[in-house]
Amino acid sequence: GDPMTVTDYDAAFGGLISGYPSALVDRGNDVDPSGMTPDFLTRVQIAPKAFITNGATWDAATRTLNVSVTADFQASTNSNYKLACVLTEDGVTGTGSGYNQSNAYSGGNNGVMGGYETLGNPVPAAQMVYDHVARAIAPSFSGFTNSFPATVAAGEQHTINFSFVLPTSWDENEIHIVGLLIDPTGKIDNAGKATITEAVSNGYVSGSNAGLFEANENQLDESVKVSPNPVDNETFLYFTIKNESSVSVSLSDLSGNTIASKQFNLTPGTWSQAIPMNQLTSGIYLIHINIEGDHKTIKIVKR
């Protein structure tokens with residue numbers, strides 16, 4: 001399988017196309033990639049309902065990215081429009097067959113495609129560098145329900161907030177934040193794109209909170225668990241290590257403030273660590289575990 005697949009995104013796009021290779025402009029009609037340019041030029045002549053601006057805060061220690069997506073409306077609309085937030089990454093590489101690129105253009109029978117017609121099928125992973133890789137979409141492919149009030153007038157601004165914890169395998173310098181305005185038919189009315197640095201410079205705007213969205217981190221997902229979650233008084237972190245390892249565990253709030261932390265040197269085996277939470281107020285917290293440089297963050301809900 002493709003290790004870069006975002007399951008929800010992939011499944012939703014699969015329902016919009018007839019096969020591969022295919023292309024969509026703003027989730028419109030399925031077109032051959034060679035037809036993207038005229039489709040795009042037609043699309044950009046249509047005035048959007050709103051302009052989209054992305055703001056952010058970034059905590060490098062906890063790798064928590066808080067995003068604000070603001071729609072500045074240029075025309076009246078209604079609550080059938082929705083906002084969503086996508087994270088993409090450039091410069092993605094990998095080893096193994098999962099990072100090979102299927103190449104329907106090999107041999108030239110399907111036309112010219114930027115030189116891929118001269119390459120084999122598949123193109124080996126060693127030759128591939130992937131840009132615009134979708135890493136996450138929040139809250140879903142269809143967007144955040146109740147993003148806007150029943151009626152929206154031109155000149156109004158509305159903001160939705162999203163939070164992400166970025167795996168250490170992602171390069172935050174290559175991440176782009178893409179805010180989407182989705183129309184009632186499911187098509188993209190408009191979008192805004194910014195790097196993390198650009199979004200931080202734009203400033204974070206408080207709005208309705210869509211929640212915290214966790215990304216898959218392959219190395220530790222299978223071995224690290226938290227239970228119970230949600231928790232009233234005390235939860236337990238369970239994890240397995242294969243070799244003698246230095247392990248650190250910490251608890252923080254969404255602002256990145258460390259509430260408690262502990263370090264261990266552990267032998268191979270399955271371990272558990274109690275995390276008292278009875279003194280904390282209700283809300284969302286983050287448990288961080290680092291095993292010899294492999295890092296995972298888990299959302300925990302205190303009732």
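For region 218-302, DSSP calls about 95 percent of its internal beta bridges antiparallel. Mind running the shape call on region 154-196? Use the C-alpha gyration tensor, a ≥ b ≥ c as the square roots of the eigenvalues: rounded below 1.5 for a/c, prolate if a/b tops b/c, oblate otherwise. Prolate, because a/c is 1.5 or more and a/b exceeds b/c.
A simple spin-label model places pseudo-atoms 7 Å from Cα toward Cβ; at Ser97 and Asn209 they are separated by 4.5 nm. If the segment from Gln45 to His132 were pulled out straight at 0.36 nm per residue, it would be longer than the present Cα-Cα gap by 28.9 nm. Just Phe162, Phe144, Phe264 to compare: in a GNM of the chain, with alpha carbon springs under 10 Å, which one fluctuates most? Checking each option, the largest mean-square fluctuation is seen for Phe264. Residues whose amide H comes within less than 5 Å of that of Ala260, counting only those at least five positions distant or on another chain, are Leu251 (H built at 1.01 Å from N in the peptide plane).
The packing ranking, built from the mean of other Cβ atoms within 10 Å per residue, places the peptides 127-138, 82-93, 17-28, 60-71 in the order 60-71, 82-93, 127-138, 17-28, highest first. Qualifying GluC sites (Glu not before Pro) in region 112-208, where qualification requires a DSSP coil assignment and no more than 16 other C-beta atoms within 10 Å, comprise Glu156.
Here is how the number arises for the chain: DSSP H runs of 4 or more residues each give -39500 (n - 2.57), the sum is divided by the residue count, and the result at 222 nm is -2000 deg cm²/dmol.
The stretch between Asp8 and Glu172, if pulled fully straight at 0.36 nm per residue, gains 56.8 nm over its current Cα-Cα span. A simple spin-label model places pseudo-atoms 7 Å from Cα toward Cβ; at Arg27 and Thr270 they are separated by 4.2 nm.
Within the set (1) 21.8, 67; (2) 21.5, 70; (3) 19.4, 62, the number that Rg and Dmax of the Cα atoms in Å takes when calculated for this structure is listed as (1). Overall shape: prolate for region 218-302, with the ratio a/c of the largest to smallest alpha carbon gyration tensor axis at 1.5 or above and a/b above b/c. Mean-square fluctuations from a GNM of the chain, with a 10 angstrom spring cutoff on Cα atoms, peak among Phe236, Phe164, Phe51 at Phe236.
Comparing Ile137, Thr64, His176 along the charge dipole axis of region 39-189, the residue lying farthest to the positive side is Ile137, per the Cβ-charge model.
Each reported figure results from applying straightforward, stated rules to the coordinates on display, with no laboratory input. Keep in mind the model is a prediction, meaning the values are calculated, not measured. Don't worry about glycine lacking a Cβ; one is built from the backbone with ideal geometry, like all the others, and counts go over all protein chains shown.
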